[in-house]
1. Tell me, what are the semi-axes, in whole angstrom and largest first, of the equivalent ellipsoid of the stretch 175-323 as set by the roots of 5 times the Cα gyration tensor eigenvalues?
2. In the chain, what % of DSSP beta bridges are antiparallel (nearest 5)?
3. Quick one: compute the contact order of the stretch 2-170, relative version, from alpha carbon pairs under 8 angstrom and 6+ residues apart, as a percent.
4. Running a GNM on the chain with Cα contacts under 10 Å, which residue among 96, 171, 201 ends up with the highest mean-square fluctuation?
5. For the chain, what does the relative contact order come out to in percent, with C-alpha contacts under 8 Å and a separation of six or more?
6. Dipole of the stretch 175-323 (Lys/Arg Cβ +1, Asp/Glu Cβ -1, origin at the Cα centre): which of 322, 287, 191 lies farthest to the positive side?
Amino acid sequence: MSIGIVGWGFYVPDKILTNADLEKMVDTTDEWITTRTGIKTRRIAPSDMAVSDMAAAAAQRALDKCGLSAKQIDVIIVATITPDMFFPSSACFVQSKIGAENAACFDVSAACSGFIYALELGRNFLCNKKYKNVMVIGAEKLSVITDWQDRGTCVLFGDGAGAVILSEVKSGGIISCYLGSDGTQSELLFLPGGGSRNPASEDTVKNKMHFLKMRGNELFKFAVRIMADSAEEVLKQAGLKKSDIKYLIPHQANSRIIWATAKKLDLDESQVFVNIDRYGNMSSASSAVALCEILESKDIKRGDKLLMVAFGGGLTWGSSIIEVS
Ligand code: ACO
């Protein structure tokens, strides 16, 4: 049974934050941000827009693309580390906004690898033949967990959402998927405040514990190794060669990580999809939006194989090969 993508859509907020804007906020330069990260602009959601608002906009575009009605969606999975609230899940809010009254809804937390985790979950829901259409969304409002006074992190992140609809397809589809985690390295990237370990208090606010903490250098080294290893592993599982891949869609964390991964995999620059310059790192939404932009492009035809690979907090990693249906 082949499970593939039949609809897709993404949404990014209108507000553009440039490197020049950041120069006025922290001690940084356009030159530093561009050469160290590859980022020029990122999108920032307004204060009254939550993750489910962006996710629902992307979801509606995915429905419009394939002509399915919201009532035909059986499952909604939202990958996010910035949900509207602890509960209900952001997926339930999306359900309500788009009118997907027949769907079972839940969120997945696997940081930047979340969309690839959710894709694999969605595929498994469909493989048991009980469900027909699964909506998988990667959506983040990272701007609310970013410390806008910390130049080491605030230049990196942005907001957005991407959605795909998975169904049975006659040709192509998701060929293989590889997922992994290493919980012993959780201190490289985490959000200490607000959960059951450090519930919100005056102290957690004062100590900036509701903002993302990151050990950038160590993550960088881990990322370059795991992105290449994970891509190799999923190719092996699929019985494919690197030359079979039309596009690598790497997680958009840092352009230097992207190019180092491409080099390790012996891929030509033209085979690597990059949108970090426009959006920065949108965590789980990065893979989702990049996949939507690729599927939308005129350069893609049936049978082309796409290799997605991501890493993130957890630590987590994942890779997936999709043949365009
Ligand atoms: N502007 C100017 N200078 C800066 C800035 C900035 N925005 N940020 C840091 N610096 C300075 C540092 O203070 C340091 O100065 P020093 O040498 O005087 O101490 C110098 O630049 C070098 O800092 P490094 O941290 O070594 O810079 P590096 O080249 O490693 O780049 C970066 C930092 C961009 C964060 C990089 O390590 C990286 O991309 N790491 C991976 C991040 C990642 O993948 N995160 C995943 C997040 S996923 C998620 O959050 C959900």
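Every number here is computed from the coordinates shown, using simple stated rules; none is lab data. What you see is a predicted model; the values in this text were computed from it and never measured. As a convention, Cβ positions derive from the backbone with ideal geometry for all residues, glycine included, and neighbour counts pool all protein chains shown.
1. 32, 16, 14
2. 70
3. Numbers: 372 pairs, mean separation 58.5, N = 169.
After rounding, I find 35 percent.
4. 201
5. 26
6. Sorting the options by dipole projection puts first 191.
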